[in-house]
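J.: Got a structure here, written out as structure tokens. Questions coming.
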Amino acid sequence: MNESELYKKLIDLYAERSLPPELESEMEVASQNDPNLKAEMEDLRWTVDTLKSMPAPEFTEESYQRILMKVYASGVEMLKRSPDPSHLQLKLPLQG
Amino acid sequence: MPDDADKDSLVEKRWLDALAQGDPGALAGIYELYGERIFRFCYRTLGNRQDAEDVAAETFLRVLRKSNELRADAAFRTWIFRIARNLCIDKIRQHRLLELPPDLQYAGGDEKTALRLAVQQALSELPFEYQEPLVLCDLEDYAAKEAAEFLQITVPALKSRLYRGRKALKAKLNETWNHQSHE
């Protein structure tokens with residue numbers, strides 16, 4: 001791994017908050033004397049934090065049913081189960 | 001006691017075996033296991049609920065059509081997500097031809113909402129090779145190894161795309177959004 005790759009890897013790990021605390025502190029101290037490094041560390045961490053804070057799209061009951069209906073409309077009777085074969089007779093965690 | 005992942009894996013194996021034996025009702029079981037995850041991945045990728053529903057439905061139909069190729073092992077999750085991914089790529093190509101805008105999925109008018117809208121828009125404008133790793137790793141919280149397997153690239157290649165994708169996203173957001181990170 002060359003110096004540039006190591007640099008990127010460390011910044012990525014910093015951005016993902018995956019560095020051990022001591023190493024994170026060392027990077028922050030080092031960045032005080034390197035405005036470019038400081039800006040990159042802050043920018044990437046902000047970007048990762050922002051992405052991770054995006055709420056997941058809600059899988060609504062309507063979406064759940066519409067997907068089922070689209071499959072059903074294609075001629076697949078996935079709503080009607082055939083009698084469970086013997087290997088499926090355990091209680092399975094299916095939603096009602 | 002097995003943990004949830006073990007239970008899911010056991011249930012998945014049973015449904016896949018049943019599907020491979022020609023039981024179409026087993027598709028409902030696969031849908032229960034993967035429906036939400038596939039829908040969310042499609043919505044994150046396409047930015048549009050209706051298209052995400054269409055692609056999710058088509059994904060499960062493809063699973064049924066290819067049920068003779070099914071193997072009840074760890075590869076199934078990767079396989080089903082690859083089907084969804086390829087269908088998303090097709091949809092994105094259609095969108096670019098038709099210039100359809102993404103949904104505005106985040107309602108409200110405050111600053112946080114505006115930022116989320118800006119992120120959603122900026123993400124949809126990134127090259128797909130950058131968008132995918134961001135969706136998988138930063139939005140859906142996949143481990144790098146699993147995301148790399150899914151995208152059929154190496155972990156270092158994934159990391160490189162993540163790095164460039166994050167920088168590209170930040171640059172796009174800077175064009176449209178004055179964030180507060182340096183205050």
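The values are calculated or read from the model by the stated rules, or taken from the named source; none is laboratory data. Every value quoted in this text rests on a predicted model; they were computed, and no experiment measured them. With ideal geometry, Cβ positions are generated from the backbone for all residues, glycine too; neighbour counts draw on all protein chains shown. Heads up: the accessible areas ignore ligands, DNA and RNA and are worked out on the full protein's heavy atoms, side chains in. Shrake-Rupley method; radii C 1.70, N 1.55, O 1.52, S 1.80 Å.
J.: Over segment B:108-183, what is the relative contact order in whole percent, taking alpha-carbon pairs under 8 Å and six or more residues apart?
T.: 38 percent.
J.: Could you run the Karplus curve 6.51 cos²θ - 1.76 cosθ + 1.60 with θ = phi - 60° over segment B:124-139 and give me ³J(HN,Hα) per residue in whole Hz, x for Gly and Pro?
T.: Ordered by residue, 3J(HN,Hα) equals 5, 8, 6, x, 4, 5, 8, 4, 4, x, 5, 4, 5, 8, 8, 8 Hz.
J.: Please calculate the 1.4 Å probe accessible area of B:Trp79, with all protein chains present, and give it to the nearest 10 Å².
T.: 60
J.: Moving to a separate point now. Using protein heavy atoms only (no ligands, DNA or RNA), what is the total accessible area buried between A and B, 1.4 Å probe, nearest 100 Å²?
T.: Counting both chains, the buried surface is close to 4500 Å².
J.: Label A:Met69 and B:Lys145 with points 7 Å out from Cα along Cα→Cβ: what is the distance between them in nm?
T.: 4.3
J.: Through the Karplus equation 6.51 cos²θ - 1.76 cosθ + 1.60, θ set to phi - 60°, convert the phi angles of segment B:157-167 into ³J(HN,Hα) values in whole Hz; use x for Gly and Pro.
T.: So the J values, rounded to whole Hz, are 5, 4, 4, 5, 5, 4, 4, 5, x, 5, 5.
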